[in-house]
1. Using Cα pairs under 8 angstrom and six or more residues apart, how large is the relative contact order of segment 84-165, in percent?
2. Got a sec? What order do E133, E35 fall in by accessible area at 1.4 Å, biggest, i.e. largest, first?
3. For D105, enumerate residues with amide H under 5 Å from its amide H, sequence gap 5+ or separate chain, H modeled in the peptide plane.
4. Calculate what fraction, in whole %, of the accessible area of the chain sits on carbon and sulfur atoms when a 1.4 Å probe is rolled over the protein chains.
5. ³J(HN,Hα) across segment 112-118 via Karplus (A = 6.51, B = -1.76, C = 1.60, θ = phi - 60°), whole Hz, x for Gly/Pro?
6. Take every Cα pair under 8 Å in segment 1-139 that's 6+ residues apart, average their separations, divide by the length, and report that relative contact order as a whole percent.
7. Could you count how many Lys pairs in the chain have their Cα atoms under 15 Å apart, skipping same-chain pairs fewer than 8 positions apart?
8. Rolling a 1.4 angstrom probe over the protein heavy atoms, how many square angstrom per residue are accessible across the chain?
Amino acid sequence: MLLCNLICIPTHTAWMILFLPVHLASPDIYWMMEEVMYSWMLTIVTSWNWTAGYHITESGEHLDSLRHHNLLLLPTHQSTADVPLLMSIFTARLGLTNKVMWIMDRVFKFTNFGLVSLMHDDFFIRSGRAGRELTLIELKDHLTNVFLKKKRKYLVLFPEGGFLR
């Protein structure tokens, strides 16, 4: 896992920087390339579950039958393993991983995966009462200008944080 973080995230970042001229010529092609690279990164994170010996059993609504709809996913957050487990569920389905947008606390920008999330245009919340109103305005703008514009379909928010109530 440490080796993956030390190699894969800087490599992903370097490739995305190398692809920037494509963004100037054709932003749509650039964002398609970014979605593929992002799904590869999530697949790498998913491999950590396998190496740790975790097995996933899904219950409830089948995502396969819902994948053509816009979805708000509100998983219960029990441990740090939840995110890789969710990524496993997403990567098991073709075309789902690259259309996911995560909503997370702004502090995660400064973690190992924060740069990847930043480049993918995930949304970072200002926590606390003081930033709540501004965050709601920013979220509305982000959903309109990023989520819809980039044709993202799945929004993941862990509700127990209560960031937006």
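The values are calculated or read from the model by the stated rules, or taken from the named source; none is laboratory data. Treat the numbers as computed from the prediction; the structure is a model and nothing was measured. Accessible surface areas use protein heavy atoms only, side chains included; no ligands, DNA or RNA. Shrake-Rupley method; radii C 1.70, N 1.55, O 1.52, S 1.80 Å.
1. Result for segment 84-165 is 38 percent.
2. On the way: E133 125, E35 15 Å².
Reading off the accessible areas and sorting them downward yields E133, E35.
3. Amide H neighbours of D105: I125.
4. 66
5. 4, 9, x, 5, 4, 5, 5
6. Working: 91 pairs, mean separation 35.7, N = 139.
Reported relative contact order: 26 percent.
7. Details: K99/K149; K99/K150; K99/K151; K99/K153; K140/K149; K140/K150.
Final tally of qualifying lysine pairs is 6.
8. Normalised by residue count, the accessible surface of the chain is 61 Å².
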